[in-house]
Amino acid sequence: MKKVVKTDLFASKAPLEWAVIANGQLSTAQIPIDTEGKVVDGGIEAQARQTMENFKHTIEAAELTMADVTQVLIYVTARDQLPVFNAVYAEYFEAPYPNRAAMIVAGLAREEMLCEVVAYAAVPQ
């Protein structure tokens, strides 16, 4: 049985939840949108920061911490964006870090999006 994590993030019109918990694991995907559901301006640094803020908010809404995150998948639309995303990402984690993969993709769901994060966290039973 899955439990939806209630957040203060923009309520998407798409058929999705920002995070769900099932089988002792939180699953989430986060994008660089503001409280009105608009993709933030300002390039990859601003979008990475908004994505990570949305991510952290979701983790905390689930009554977890960033230390509970076990895996992160990062998607960016250009290779030169990755070092910038990494710098922002590093502000949100301490060792031991979650397992991580980064992918360069041709595009994301919204044309103006430069990044997206998919992540998993352990939920104490």
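Reported count of residues in the range 33-53, each being more than 17 Å from Pro83 (Cα to Cα) and touching a helix residue (DSSP H, G or I) at 6+ places or on another chain (Cβ under 6 Å), is 1. Do you know which residues across the range 1-56 are touching a Pro at 6+ places or on another chain (Cβ under 8 Å) and among the β-branched types (Val, Ile, Thr)? If the condition is that a residue be touching a Pro at 6+ places or on another chain (Cβ under 8 Å) and among the β-branched types (Val, Ile, Thr), then Val39, Val40, Thr51 are the ones that fit. Restricted to the range 17-29, and to residues that are part of a loop (DSSP other than H, G, I, E, B), in contact (Cβ under 8 Å) with a residue 12 or more places away in the chain and out of contact with any helix residue (DSSP H, G or I) (no Cβ under 6 Å at 6 or more places or on another chain), which residue is surrounded by the fewest Cβ atoms within 10 Å (Cβ to Cβ)? Selected residue: Gly24. Each residue in the range 30-52 was checked for being outside any loop (DSSP other than H, G, I, E, B) and buried (at least 17 other Cβ atoms within 10 Å of the Cβ), and 10 of them qualify.
Highlighted here would be strands (runs of 3 or more DSSP E) found entirely within the range 57-125 that include at least 2 residues which are without any contact (Cβ under 8 Å) to a residue 24 or more places away in the chain, but there are none.
Taken over the range 6-16, the criterion of being surrounded by 15 or more Cβ atoms within 10 Å (Cβ to Cβ) and within 21 Å of Glu111 (Cα to Cα) is satisfied by Leu9, Phe10.
One line per residue, one yes/no per condition, for (1) of a type outside the set (D, E, K, R); (2) under 23 Å from Glu94 (Cβ atoms); (3) touching a Cys at 6+ places or on another chain (Cβ under 9 Å); (4) modelled with pLDDT under 95:
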| residue | (1), (2), (3), (4) |
| --- | --- |
| Lys6 | no, no, no, no |
| Ala14 | yes, no, no, yes |
| Ala46 | yes, no, no, no |
| Arg49 | no, yes, no, no |
| Glu60 | no, yes, no, no |
| Val69 | yes, yes, no, no |
| Asp80 | no, no, no, no |
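The values are calculated or read from the model by the stated rules, or taken from the named source; none is laboratory data. From a predicted model like this one, the values you see are computed outputs, not experimental measurements. Note that each Cβ is placed from the backbone with ideal geometry, even for glycine, and that neighbours are counted across all protein chains shown.
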